[in-house]
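Before any comments, here is the structure.
The values are calculated or read from the model by the stated rules, or taken from the named source; none is laboratory data. Only a predicted model underlies this, so the values are computations on that prediction, with no experimental measurement involved. So basically every Cβ, Gly included, is an ideal-geometry build from the backbone, and we count neighbours across all protein chains shown.
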Amino acid sequence: MSINTYFCSKEIPFKSALMKLYPIISDLWKMDGGVAFGVVPKSIWNRSKMADENNMIPIVTRCLLIETGNRLILVDAGLGNKRDEKYYNVRYRTEGPSLAELIEQKGFRKEQVTDVLLTHLHDDHVGALTEKSEDGNIRLVFPNASYHCTATQWDWAIHPNKREVAAYFPDNLLPLEQSGKLNLITEEGEFLPGIRLRIYNGHTIGQMIPFIQVDGKTVVFSGDFIPTAYNIPMPFVPSVDVQPLITMKEKAEFLNEAVKEGYILLFQHDYFNECCNLIQTEKGVAADKIFTLAEALNQAN
């Protein structure tokens, strides 16, 4: 099947500027603290006593459902349920409802999802897009959706390097290509009115971060660019980032912009904090107020 390559500025049908955002926690799991915070020593990052006896910290995979006009857009998808017990055990994942069931709890059916924006293609961000049918075949969970990621990240995932190869699974990716509804984004820009996409290359090549304008505010779905509020300080770069110095440069530029523009950060992996705004301090940019997205937007989600 062919892959469609297009620029973000391509016109897409759109009915209304009215937009609602629904955060969805698709996974509760754990990650090694050294992975989460890189070269920063445990004596510093664990001052909040978040680590257990195995050095593991609780994290989530927080996805985002965007209802706007005639579109229902899902941002990322979580680990999914199609792998063996060992895969989930080593991640200390807590069993829970499927992503489709969680979307139903918000009042939507999986068939209504029109678009899936993929920040990047690591397994904890795309695994729930496919599932095993009763006959053991792999099928799409959201059959009517188009799938969007950057062209550079797709190429990076299909031809993985030795550092990231364990995070890219063919059965997560190939069904998207075979659907004929995979769109590869080649440059930053507007995806839909109110949604702009920007590209960052520190964590992995071609990570795509949505900037969402709603109710006069800009919400940044921070993905693995700044996965938790604890990753805001400049040295707190995850050890899995392929270009940590690039991450630091990108983060410094973004944080200064975020303070100036009053952005709201929506964290994808923060177990303790959903959102925050930022403040400039003597020691650099830091989290200011912590809140939920519903509190920030005065929405009863």
For this session: Kindly list, by first and then second residue, each pair from a residue in the range 23-51 that is closer than 18 Å to Phe225 by Cα to a residue that is part of a helix (DSSP H, G or I) and at pLDDT below 95, limited to pairs with Cβ atoms under 9 Å and residues at least 6 apart or on different chains.
Result: Pro23/Ala294
For this session: Answer yes or no: is there a residue in the range 59-69 that is of a type in the set (S, T, N, Q) and touching a Ser or Thr at 6+ places or on another chain (Cβ under 8 Å).
Result: yes
For this session: Give the residue that is farthest from Met248 (Cα to Cα), with candidates limited to residues of the range 258-300 that are touching an Asp or Glu at 6+ places or on another chain (Cβ under 6 Å) and β-branched (Val, Ile, Thr).
Result: Thr292
Exercise. Where residues in the range 119-138 are in contact with a Leu (Cβ under 7 Å, 6 or more places away or on another chain) and outside any helix (DSSP H, G or I), which of them is surrounded by the fewest Cβ atoms within 10 Å (Cβ to Cβ)?
Worked result: Thr130
Seminar exercise, completed: Subset of the range 202-241, residues more than 15 Å from Glu257 (Cα to Cα), among the hydroxyl-bearing types (Ser, Thr, Tyr) and under 13 Å from the mean Cα position of the chain (by Cα), comes to Thr204, Thr228
Problem set entry | Close pairs (7 angstrom Cβ cut-off, 6 or more residues apart or separate chains): under 19 Å from Arg91 (Cβ atoms) in the range 161-188, of a type in the set (A, V, I, L, M, F, W, C) and in a strand (DSSP E or B) anywhere | Asp171/Ile138
Exercise. In the range 173-222, how many residues are outside any strand (DSSP E or B), farther than 23 Å from Ile25 by Cα and hydroxyl-bearing (Ser, Thr, Tyr)?
Worked result: 2
Exercise. Can you list the strands (runs of 3 or more DSSP E) found entirely within the range 231-301 that contain at least 1 residues being closer than 19 Å to Gly38 by Cα?
Worked result: 284-291
For this session: Tell me, please, whether a residue that is touching a strand residue (DSSP E or B) at 6+ places or on another chain (Cβ under 6 Å), under 20 Å from Tyr271 (Cα atoms), β-branched (Val, Ile, Thr) and not in a helix (DSSP H, G or I) can be found in the range 99-116.
Result: no
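Let's see how each residue does on (1) surrounded by fewer than 18 Cβ atoms within 10 Å (Cβ to Cβ); (2) aliphatic (A, V, I, L, M):
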{"site": "Gly194", "(1), (2)": "no, no"}
{"site": "Ile205", "(1), (2)": "no, yes"}
{"site": "Tyr230", "(1), (2)": "no, no"}
{"site": "Pro233", "(1), (2)": "no, no"}
{"site": "Ser239", "(1), (2)": "yes, no"}
{"site": "Met248", "(1), (2)": "yes, yes"}
{"site": "Leu255", "(1), (2)": "no, yes"}
Seminar exercise, completed: Phe291 passes all but one of the listed conditions (1) closer than 21 Å to Pro58 by Cα; (2) in contact with a Cys (Cβ under 6 Å, 6 or more places away or on another chain); (3) surrounded by 20 or more Cβ atoms within 10 Å (Cβ to Cβ); the exception is number (3)
Exercise. Is at least one residue of the range 139-158 within 24 Å of Gln243 (Cβ to Cβ), among the charged types (D, E, K, R) and surrounded by 23 or more Cβ atoms within 10 Å (Cβ to Cβ)?
Worked result: no
